[in-house]
Amino acid sequence: MTKKTATVLVVEDDQALNDAYRMILDTVGNYTVQTAFNGQEALEIVKDSKSDPDIILLDLRMPVMDGIGFLREFKPEEHPDTTVVVFSNYDAHKDIDEAYELGIDRYVLKARAAPKDLLHLVDGITAEKSAV
């Protein structure tokens, strides 16, 4: 049995993408993957968990609570061990700038990221964390 190396919270309102990201990370990588369909669900998962996720992949445009609303409530600076990556097709500079101001670590345009790119991104972040 392969040891899981990190926990990843995928916050994405598209069911097919949520399932695909889970499959890629849980099957191909050594990750424990949780999914939420909006920022409110993600906040509940974080609150109910015994530890913060290592990585959050966050969409910006979602119903109920969008990515910016999640960041305002989650406050990444209060979770220094969590790497927050906005993984979104929404590329409005105003919102991306605000996401960085709220403490995200990276922004990736998901339309340009193939499944292997997602795995490389998460693998790279995990390697950086273990090197510290």
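The values are calculated or read from the model by the stated rules, or taken from the named source; none is laboratory data. Note that the coordinates shown come from a computational prediction; the quantities given were computed from them, not determined experimentally. For neighbour counting, all protein chains shown are included, and Cβ atoms are generated from backbone atoms with ideal geometry for every residue, glycine included.
Taking (1) modelled with pLDDT of 95 or more; (2) within 22 Å of Leu119 (Cα to Cα) in turn, Glu44 satisfies each apart from (2).
Would you mind stating whether Ile68 is outside any loop (DSSP other than H, G, I, E, B) and either more than 20 Å from Val122 (Cα to Cα) or among the aromatic types (Phe, Trp, Tyr) (or both)? Considered against the rule, which asks whether it is outside any loop (DSSP other than H, G, I, E, B) and either more than 20 Å from Val122 (Cα to Cα) or among the aromatic types (Phe, Trp, Tyr) (or both), Ile68 comes out as yes. The set of residues in the range 46-85 being among the hydroxyl-bearing types (Ser, Thr, Tyr) and in contact with a strand residue (DSSP E or B) (Cβ under 7 Å, 6 or more places away or on another chain) consists of Thr82, Thr83.
For the condition within 20 Å of Asp13 (Cα to Cα) and either of a type in the set (Gly, Ala, Ser) or under 16 Å from the mean Cα position of the chain (by Cα) (or both), what is the one hit in Ile125, Ile96?
Ile96
When you look at Ala20, is it outside any strand (DSSP E or B) and in contact with a Pro (Cβ under 8 Å, 6 or more places away or on another chain), yes or no? Judged against the criteria, Ala20 is a match. Restricting Glu73, Glu77 to those that are part of a helix (DSSP H, G or I) and either surrounded by 11 or more Cβ atoms within 10 Å (Cβ to Cβ) or not charged (D, E, K, R) (or both) reduces the list to Glu73. Looking across the range 80-93, the residues that are at pLDDT below 95 and either part of a loop (DSSP other than H, G, I, E, B) or over 15 Å from Val10 (Cα atoms) (or both) come down to Pro80, Asp81, Asn89, Tyr90, Asp91, Ala92, His93.
Of all residue pairs spaced 6 or more apart or on separate chains, those with beta-carbon atoms under 6 Å, a first member in the range 97-118 that is of a type in the set (Gly, Ala, Ser) and a second member that is buried (at least 16 other Cβ atoms within 10 Å of the Cβ) and part of a strand (DSSP E or B) are Ala99/Val86.
Taking the criterion of being among the basic types (Lys, Arg) and assigned to a loop (DSSP other than H, G, I, E, B), no residue of the range 104-118 qualifies.
Looking only at residues in the range 20-49 that are charged (D, E, K, R) and in contact (Cβ under 8 Å) with a residue 12 or more places away in the chain, the one that is nearest to His120 (Cα to Cα) is Arg22.
Evaluate the range 4-15: report whether one residue or more is within 12 Å of the chain's Cα centre (by Cα), surrounded by fewer than 19 Cβ atoms within 10 Å (Cβ to Cβ) and in contact (Cβ under 8 Å) with a residue 40 or more places away in the chain. Yes, because at least one residue in the range 4-15 is within 12 Å of the chain's Cα centre (by Cα), surrounded by fewer than 19 Cβ atoms within 10 Å (Cβ to Cβ) and in contact (Cβ under 8 Å) with a residue 40 or more places away in the chain.
Please verify whether the range 31-38 includes one or more residues that are buried (at least 18 other Cβ atoms within 10 Å of the Cβ) and in a helix (DSSP H, G or I). The answer is no; no qualifying residue exists.
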